[in-house]
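In what follows, a structure is listed as structure tokens, so that the remarks can point back to it.
The values are calculated or read from the model by the stated rules, or taken from the named source; none is laboratory data. For clarity, every value in this text was computed on a predicted model and none was experimentally measured. All Cβ positions, glycine included, derive from the backbone under ideal geometry; neighbour counts span all protein chains shown.
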Amino acid sequence: MDKLGVEIVLNSRVLGSQVDTANKQTILTLSNGETLTAGKVIFCTAKPTARTDWLPSTVLDENGYVRVNSDTTHFAAGDIAAWGGIKRVGGALIMGQCAAINIVKRIVADEQNQLEASIQPEQQTLPPFPQMMSLAVGSEAVSFGPDGSVKTGEEVREMAFGDDLGLTRVREVLGFTKS
Ligand SMILES: Cc1cc2nc3c(=O)[nH]c(=O)nc-3n(C[C@H](O)[C@H](O)[C@H](O)COP(=O)(O)OP(=O)(O)OC[C@H]3O[C@@H](n4cnc5c(N)ncnc54)[C@H](O)[C@@H]3O)c2cc1C
């Protein structure tokens, strides 16, 4: 990341921020005792709240996520679902695909009157998700692997995102383009 002019601060958290309106900057205080002067601050590590207040509380866990089985019933997929691992795009795509396949199987089984006869279609199941994440930073990327390894570089960006932040790959996975 150095050659991109990006300095990554690890093992430190932002403890507080103070806006300096006169100079249009923000002073960040870090847990390692350092301060950073920033022109723009985007906070993105806050714990999100799932927008599930419209669902019955019986299907939610204590954090408001939808409790799902490994076949994603209640057919909740992505960030909204209570499932292991870091919430990320790849996991959401896999869960969405699993839920979609199982919904279609149930529709087909229903049309063939199998559900009425208590014959449940074989459901696709989700594997446990390991802790992993890739972040694009300019022309490079940083990846955090299931084994705890951290890798950076253009080859990591190419492997994780291609040339367009993964848009082409997502379109391929969703069947919008030929692979
Ligand atoms: C700042 C930030 C950076 C991130 N960076 C990365 C990264 O580098 N790599 C990575 O893998 N992941 C990253 N993530 C995580 C990733 O964005 C999520 O895991 C992913 O978007 C989850 O997909 P989703 O479809 O489950 O939810 P979302 O993408 O949040 O989609 C849910 C959609 O439902 C809509 N919606 C909500 N409530 C309702 C309602 N009642 N009715 C109708 N529509 C509704 C929302 O408007 C939204 O469009 C990042 C997340 C954030 C916030």
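Structure values in brief
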{"item": "Tabulated pairs, the range 72-84, first more than 13 Å from T52 (Cβ to Cβ) and touching a residue at least 40 places away in the same chain (Cβ under 8 Å), second of a type outside the set (A, V, I, L, M, F, W, C) and within 9 Å of the ligand (Cβ to nearest atom), C-beta under 9 angstrom, 6+ apart or interchain", "result": "T72/G96; W83/G91"}
{"item": "Failed criterion for N32 (all others in (1) assigned to a loop (DSSP other than H, G, I, E, B); (2) away from the ligand (no atom under 16 Å from the Cβ); (3) surrounded by 14 or more Cβ atoms within 10 Å (Cβ to Cβ) hold)", "result": "(3)"}
{"item": "Residues located in the range 95-125, provided they are part of a loop (DSSP other than H, G, I, E, B) and either in contact (Cβ under 8 Å) with a residue 12 or more places away in the chain or within 12 Å of the ligand (Cβ to nearest atom) (or both)", "result": "P121, E122, Q123, Q124, T125"}
{"item": "Residues that are surrounded by 15 or more Cβ atoms within 10 Å (Cβ to Cβ), over 18 Å from M132 (Cα atoms) and acidic (D, E), drawn from the range 57-116", "result": "D71"}
{"item": "From the options G148, G138, G162, G153, residue that is loosely packed, with under 12 Cβ neighbours inside 10 Å, outside the structural domain of I86 (by TED's automatic domain parsing) and over 17 Å from the mean Cα position of the chain (by Cα)", "result": "G148"}
